[in-house]
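What follows is a short report on a single structure.
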Amino acid sequence: MVDIPLLPLAGDESVERCDAARNRRRLLEAASLLVAERGVDAVTMDAVAARAGVGKGTVFRRFGSRAGLMRALLDHSEQALQRQFLTGPPPLGPGADPVDRLVAFGRARIRLVEVQGEVLRAAESSAEARFNAPARAVSLTHIEFLLRTAGVDGDLPLLAQSLFAPLEATLVLHQWRDLGYSLDRLADGWADLARRVVTAPAAAGRTVR
């Protein structure tokens, strides 16, 4: 297994006091539940404070603004997903067939869009943020590792980028909300794509005319 570093958080919990880190996690968990239950627009400083059972001032002191809260929420979700595919149980984590892990990764990312879609889309709003984000680099490295483990030939870095593109929040939200595709349909479609890529005949050395 390759050693992929977890996405660094601004204000890393490892250097925080235990009570501060605990409060931070509590607030982010409250915000995550609000997004899951009522959508991203429901995530206000007041609502998060009420859900976490703290004063609104505590939320402002910890995150500074709603934008700061949303950035921290995105980091929190990405780190949770990374821990699942790096060290969690199979099929997403180690121990499963690499193709099954690849399929599970795609399904997990699509589920993440359901919960954090607007936050993820905001993070993709500029080309620099979209293509240079540490979380994206970690995901691409993971996909490439699984393709290599599955015995896939060819230009694996480019292939990993092609496979990751259908999982990006901007496209998934458009397909889900504007085109009316269910998230289950999108997840099944990505699983079919991933399996076709892995089982396709090797293209190495083939001349294109």
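From the square roots a ≥ b ≥ c of the eigenvalues of the alpha-carbon gyration tensor of segment 73-199, which class results: rounded (a/c under 1.5), prolate (a/b over b/c), or oblate?
Because its axes are fairly even, with a/c under 1.5, segment 73-199 counts as rounded.
If you take the charge dipole of segment 73-199 about its Cα centre, with +1 on Lys and Arg Cβ and -1 on Asp and Glu Cβ, which of Ala104, Ser77, Asn132 is farthest toward its positive end?
Positive-end residue among those listed: Ala104.
Could you compute the FRET efficiency for Leu156 and Ala80, with r as their C-beta to C-beta distance and R0 at 35 Å, rounded to 0.05?
For Leu156 and Ala80, the calculated efficiency is 0.85.
With charges only on Cβ, +1 for K and R and -1 for D and E, what is the dipole size of segment 14-64 about its Cα centre, in debye, rounded to 20?
Around 200 debye, computed over segment 14-64.
Coordinate-derived values only; no laboratory data. Keep in mind that this is a model prediction, so the values were computed, not measured. Cβ sites come from the backbone with ideal geometry, for glycine too, and all protein chains shown count toward neighbours.
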